[in-house]
Amino acid sequence: MPVAASEKQKDDLQALPGDEVRQVMWRFAGRYDLQMLVQSAREVARGPVARLVAQGARADHGWTPAKNELLKAYDESGITGVFMDPEQGGFIEGPKNLALALVAFELAWVDAGAATGSLAGCLALAPIHERGTAEQQQTYLSRCAPAQPGEARLPWRGAFCLTEPIPYVGVDTGQLGGKVRIVDWPEGGEPVLQVEKRGRFITNMGFANFVTAAVESDDPRIKGTLMVILEEGDPGTFDRGTPTRKLVHQLSSTCDPVFNLRVPASRIIGGYDVRDGVIVPHYNHSEVIEAVFRRTRVTVGIMTSAKLLSAVEPVIRYQRSRFRGGAATGPGSPRYDLGLQMKEDVVHRLVDVWATGEASASLGFEAARLFDRLDPMERLRDRVLAERGVGGGMAALRARKQINKDALAFLCGERPELADDVVVQTALLDSIANVLCPACKLWNTGVGSRMMREAVSLMGGYGITEDCPGFLGYKWMDSQLEATYEGPEAVQRRQLGVTMTDDLFLMQFRGWIRELRRVANDHPGTGACALATAMQMWMWTLEHLRESKDADGAALYHSSRQGVTFALADALCWLLASRAQIQDVLELARMGPENPALADGLPGLVSFLTDLCHVQSAHAAGEVGRICAELVFGYNRHPRWGEQDCAACYSATELEAWESLIPGIDGAARGLTDVVENDGSHQQKAGPCARYEGLEPFQRMRTRMDGCLTGSRLAKDRAADALTTVMIPEAADYPR
Amino acid sequence: MSQPFHIVVCGSIVPDPLQMLEPVTGAAGPALKNEMMLPAVLDPWAAHALFEAAHLAAKHAGSKVWLVSLGPKAKLQQVMLTVAQKVPFELVALDGPASGFCDSLATAQVLADAVAGIPALNRDRLLLFGGWESASRGAGSTMQIVAERLGISEQFQGVDQLTVREDGSMEILERVEGGRHLVSVCSAPPAAFGWATGHLPEPRNNPQVGMTNMKTIMPALQRAKASAVAADGLRFAAVNVPKLQRQTRVVKDMPPEEIARELVAWIREK
């Protein structure tokens, strides 16, 4: 029997991170309600969901009785009720963003379609939850809560219908095709509305009892746009439509419905006023969906993170056992024990997959936690502003200007008393949320999907079979949808292009750079220094681009110049993800020792995760360097071999003349700069080398950042080495 | 009218059986490699006992279920996050080792003291439940010793079914050879039951049940006393992982009698 781990081995990665580790890293170690939810969701994911996938249920895009059974499993396990407050039939008090993110993570670990299906009900309720009247909230949230013991009731299911304009799938929220008009308005009574709406790719539509739909006024007696609740029993047409022939997420029901229904005006989400005989909704459809999507998009980002992390164990198992079936490979030989892991390349690539998964999960959960903090603050802020008499329109804009000014003063340390001002503190948090949400959706799904392909490739041909352990091939395909639905990548980049230039965000971003330098000082192996330098470079580039013009004199940083804004948004996401990853590992190092269950393996685990941070920060720095360099230099026109651009070139005649005065100058000049010969010929290249007037700080930063990558590949080697010895379970734990 | 029962289930945690379980020699004797880092589950035999206890308690109004669990506090807490969602119970947590290498006599002493110390326990109505076997060690003696220490003489092992009859007596099915059951009748509590698998499926997680249970489980975990399990005189000569053995022979049209004869001969060889 071998002797237990020596001191040296204790610094190695001993086992894959378990629940205790994740609870600390993702900050729910003190929340047993969430810990239970995780266990509960996991049982459904690795039980009925995994069994369905293994049985081939994904081969059918229709909503089958077997798939319908999942709804019962969601109800019984608390997944359906996670969105509700205890008085509405739920079991979690307070904000639910982290809870929903954890459910999404657990379900997507096995199948993201199941995650989408379970969360689509929350999406349908979200407009009511965020902007509905108290009566609407009580009615629909209670109806959707699973039945309590002894209650003979089936919970209602909802769908969210936004698609516009027909016939394409997806949405331009500014172009609504769905219409609403008044068909009856009894004297002193409730107006009756006629709602016409068609949808594409509407999740949960195969069984939904109600729909929250976005429509536009087709009647001068209704102002603007609104969201309205439609029920299946309403008079008129409630046609679920044909199932969408989608290639992915087949464990969710998706249809193209048609509605033409009469509903009371009390179904307008958020209520309405009547002004001069016109129905004025309290919220237009944009205001409703803005409040909804900024939260729900985070959970979508988390789904792709779960897939990446779920790939680690099956890939290691495959790599190690790759040659064990061969007659010439016996136990005890490196080929038998390590299999493919004898080769550096496969473990290096798995390190990349794992590092990306860690970074994206960290970013997603950071965003979810932030919204949990923000939710109650927003409500308090609204109350305070109402008490101050701040209404809508211009007054609100003026107030916002002042709030931002106060917040900046607070950040500069000029007004410390504002630390307790909920309006100012909400503004600060809001400015970060406005960046983290699209960043998480964009980066987690976009980069995640590319890395998922890498994970699939690590399984060889096995990866693209239905039998692939961990269903990696399915997960790869599914991730393409995650990158698309609830706002495709371009929408997220557009939003980032605006929110990342908010002064409040940028001021806090500068603070993060200083903070990372301190982290680098205390924890040099994290790669925090490289990250801080990359963040500086990003800041410099943003400032430069906002003031610069291209070779034709056109402004560079402009909403229509997506070649600039989108690229810079992409670069920012890499930085945010890497920063979140480092913060989570520091949290584990700080709080992990408090849990005795972690004592044995903590040093090795922290050391390994620190190496992953280093690997990821190097990737982030590399990406940022590439993008920023392209943007800074790429919009200048390259000099040509013409009279004007060659003004700074030496001519051979000049050099020959100077050679007699300064011996050696001819050779030296030819090594340093461009020379035009007497016959007009020159070196074979595109033109005289570009000059960098004004860009020297960027060049210095770039050189510094390249130097900051020192040690990152050593970290990768260490992490890869750890993958060859880490203990993994004997068999996959799903399907159960 | 049925009388309520006070059911105490003894059960601890074991490493998730899907994990790589590799014996190593640690400072305090044999152990499993990285045991504290491995995910743990409630010992399946004890889990059956707990589900049977909850089922029985639900049928007899006023009954109550306690789960007495000896294990590292931090690991117990993790396992309770799942177990607490299954059925209602009150936890009595003992912070100590749950390893399969603990002495059953010393373990039983700690458990018996904990059961005896449950304040509201009516020992005249006590049904002591536990696993007949264990996923970490099949000593098969722990529950018997606990019962003896508590002065319970009515003991049943390998129990698959417990039915309370109209007159309050209990009919018990114990496993015996050949897939058959021994049927016994016990007139009244107290009695001890070492459960085999029972007949109940594992209940699904229900967070509502979990939230209610956790209100008492978390304080119980905070109160958990450190419980030393004595190991005086205990020495392990060898520890081995059970070996997988597979010898396949394809034979066609073999008569059943011949198959039976071969099996008997093979068993005698072993």
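The values are calculated or read from the model by the stated rules, or taken from the named source; none is laboratory data. Predicted, not measured: the structure shown is a model, and the values here were computed from it. Note that each Cβ is placed from the backbone with ideal geometry, even for glycine, and that neighbours are counted across all protein chains shown. Surface accessibility is based on the protein's heavy atoms, side chains included, excluding ligands, DNA and RNA. Shrake-Rupley method; radii C 1.70, N 1.55, O 1.52, S 1.80 Å.
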Residue B:35 accessible area, assembled protein chains, probe 1.4 Å, Å²
50 Å²
Quick one: check the C-alpha center-to-center distance for region A:652-691 versus region B:43-82, whole angstrom.
88 Å
Tell me the label-point distance for the pair residue B:60, residue B:90, using the 7 Å Cα-to-Cβ offset, in nm and rounded to one decimal.
1.7 nm
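Counting heavy atoms of the protein chains only and a 1.4 Å probe, report the per residue accessible area for the protein assembly as shown as a whole number of Å².
On the way: 44670 Å² over 1006 residues.
The answer is 44 Å² per residue.
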With a 1.4 Å probe and every protein chain left in place, tell me how much accessible area residue A:658 has, in Å² to the nearest 10.
90 Å²
Mark the label point 7 Å from the Cα of residue A:725 along Cα→Cβ and return the residues of region A:581-625 whose backbone N is within less than 18 Å of it.
A:600-612
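Ranking request for peptides A:95-108, B:213-226: highest mean number of other beta-carbon atoms within 10 Å first, then the rest in descending order. Let's see the in-between values first.
Values: A:95-108: 26.4, B:213-226: 15.9.
Ranking the peptides A:95-108, B:213-226 by packing returns A:95-108, B:213-226.
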Using +1 at the C-beta of Lys and Arg and -1 at the C-beta of Asp and Glu, which of B:54, B:13, B:78 has the Cα lying farthest in the positive direction of the dipole of region B:9-78?
B:54
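Nearest 20 debye, what's the magnitude of the dipole of the protein assembly as shown about its Cα centre given +1 on Lys and Arg Cβ and -1 on Asp and Glu Cβ? Walk me through the numbers on the way to the answer.
Numbers: 104 positive and 120 negative charges, 155 e Å.
Its charge dipole is roughly 740 debye.
To the nearest 500 deg cm²/dmol, what mean residue ellipticity at 222 nm is calculated for the protein assembly as shown from DSSP H runs of n ≥ 4 alone, each contributing -39,500 (n - 2.57), summed and divided by the residues?
Details: 30 runs with 468 residues, N = 1006.
So the calculated ellipticity at 222 nm is -15500 deg cm²/dmol.
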Expressed as cubic angstrom per residue, what is the convex hull volume of the alpha carbon set of region A:520-619?
101 Å³
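Under a Cβ-only charge scheme (Lys and Arg +1, Asp and Glu -1), can you give me the dipole magnitude of chain B about the Cα centre, in debye to the nearest 20? It would help to have the intermediate numbers written out before the result.
Details: 25 positive and 26 negative charges, 126 e Å.
Charge dipole, chain B, about its Cα centre: 600 debye, nearest 20.
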Gyration tensor (alpha-carbon) shape descriptor, region B:47-162, a/c threshold 1.5:
rounded
Of B:73, A:307, which has the most accessible area with a 1.4 Å probe, and how do the rest follow in descending order?
B:73, A:307
Measure nothing but the geometry: give the 0 to 90° angle between the long axis through the Cα atoms of A:134-144 and the longest principal axis through the Cα atoms of chain A, rounded to 10°.
90 degrees
Is there a simple number for the mean count of other chain Cβ atoms within 10 Å of the Cβ of residues in A:29-42, and what is it?
5
Of A:377, A:459, which has the most accessible area with a 1.4 Å probe, and how do the rest follow in descending order?
A:377, A:459
C-alpha center-to-center spacing [region B:140-213, region A:438-503] in angstrom
52 Å
FRET efficiency (residue A:518, residue A:68; Cβ distance; R0 56 Å; to 0.05) is 0.55
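Compute the Rg/Rh shape ratio of region A:158-287: radius of gyration over Kirkwood radius, all on alpha-carbon atoms.
Taking Rh as the inverse mean 1/r over Cα pairs, Rg/Rh reads 0.99.
Using 0.36 nm per residue of separation minus the Cα-Cα distance, give me the extension gain between residue A:417 and residue A:690 in nm, one decimal.
Values: separation 273, 0.36 × 273 = 98.28 nm, distance 5.14 nm.
That pair, residue A:417 and residue A:690, stretches by 93.1 nm at full extension.
Averaged over its residues, how many other protein chain Cβ atoms are within 10 Å of peptide B:205-217's Cβ atoms? Intermediate results must be reported in sequence, preceding the final value.
Working: counts 14, 8, 15, 10, 4, 9, 8, 1, 1, 4, 1, 0, 1.
Mean number of neighbouring Cβ atoms from other chains: 6.
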Simple spin-label estimate for residue A:348/residue A:659, 7 Å along Cα→Cβ, in nm, reads 4.7 nm
Roughly how far apart, in whole Å, are the Cα centres of region A:32-75 and region A:146-164?
17 Å
In Å, the Kirkwood hydrodynamic radius of chain B over pairs of distinct alpha carbons?
20.0 Å
If you take the charge dipole of chain A about its Cα centre, with +1 on Lys and Arg Cβ and -1 on Asp and Glu Cβ, which of A:437, A:36, A:241 is farthest toward its positive end?
A:241
Can you give me the distance in nm between label points at residue A:139 and residue A:643, each placed 7 Å from the Cα along the Cα-to-Cβ direction?
8.1 nm
Three-way shape call for region A:19-144 based on the alpha-carbon gyration tensor, with the a/c threshold at 1.5:
oblate
May I ask what percent, to the nearest 5, of DSSP beta bridges between residues of region A:168-270 are antiparallel?
95 percent
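Carbon and sulfur together cover what percent of the accessible area of chain B at a 1.4 Å probe radius?
Details: 7640 of 14070 Å².
Of all accessible area on chain B, carbon and sulfur atoms account for 54 percent.
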Which net charge results for the neighbourhood of residue A:251, defined as the other residues with beta-carbon distances under 9 angstrom from its beta-carbon, given Lys and Arg at +1 and Asp and Glu at -1?
+1
PRE reach from residue B:185 (point 7 Å along Cα→Cβ): which of region B:147-165 fall under 11 Å by backbone N?
B:165
Longest principal axis of chain A (C-alpha) makes with the long axis of helix A:97-108 (C-alpha) an angle, in degrees to the nearest 10, of 80 degrees
Determine how large the accessible area of residue A:513 is when every protein chain is in place; take a 1.4 Å probe and give Å² rounded to the nearest 10.
20 Å²
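Among bridges DSSP assigns within chain B, what percent are antiparallel (round to 5)? Mind dumping the intermediate values first?
Details: 18 of 45 bridges.
Antiparallel: roughly 40 percent of the beta bridges in chain B.
Please find the FRET efficiency linking residue A:706 to residue A:668, where r is the Cβ-Cβ separation and R0 is fixed at 22 Å, and quote it to the nearest 0.05. Kindly include the intermediate steps, with their values, before the conclusion.
Numbers: r = 27 Å, r/R0 = 1.22.
That pair, residue A:706 with residue A:668, gives E of 0.25.
Carbon and sulfur together cover what percent of the accessible area of region A:19-144 at a 1.4 Å probe radius?
On the way: 1800 of 3610 Å².
C and S fraction of accessible area: 50 percent.
Please state, rounded to one decimal and in Å, the Kirkwood hydrodynamic radius that the protein assembly as shown gives when every pair of distinct Cα atoms enters the mean of 1/r.
On the way: mean 1/r = 0.0309 Å⁻¹.
Every distinct Cα pair counted, the radius reaches 32.4 Å.
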Solvent exposure ordering (accessible area, 1.4 Å, most first) of A:153, A:335
A:335, A:153
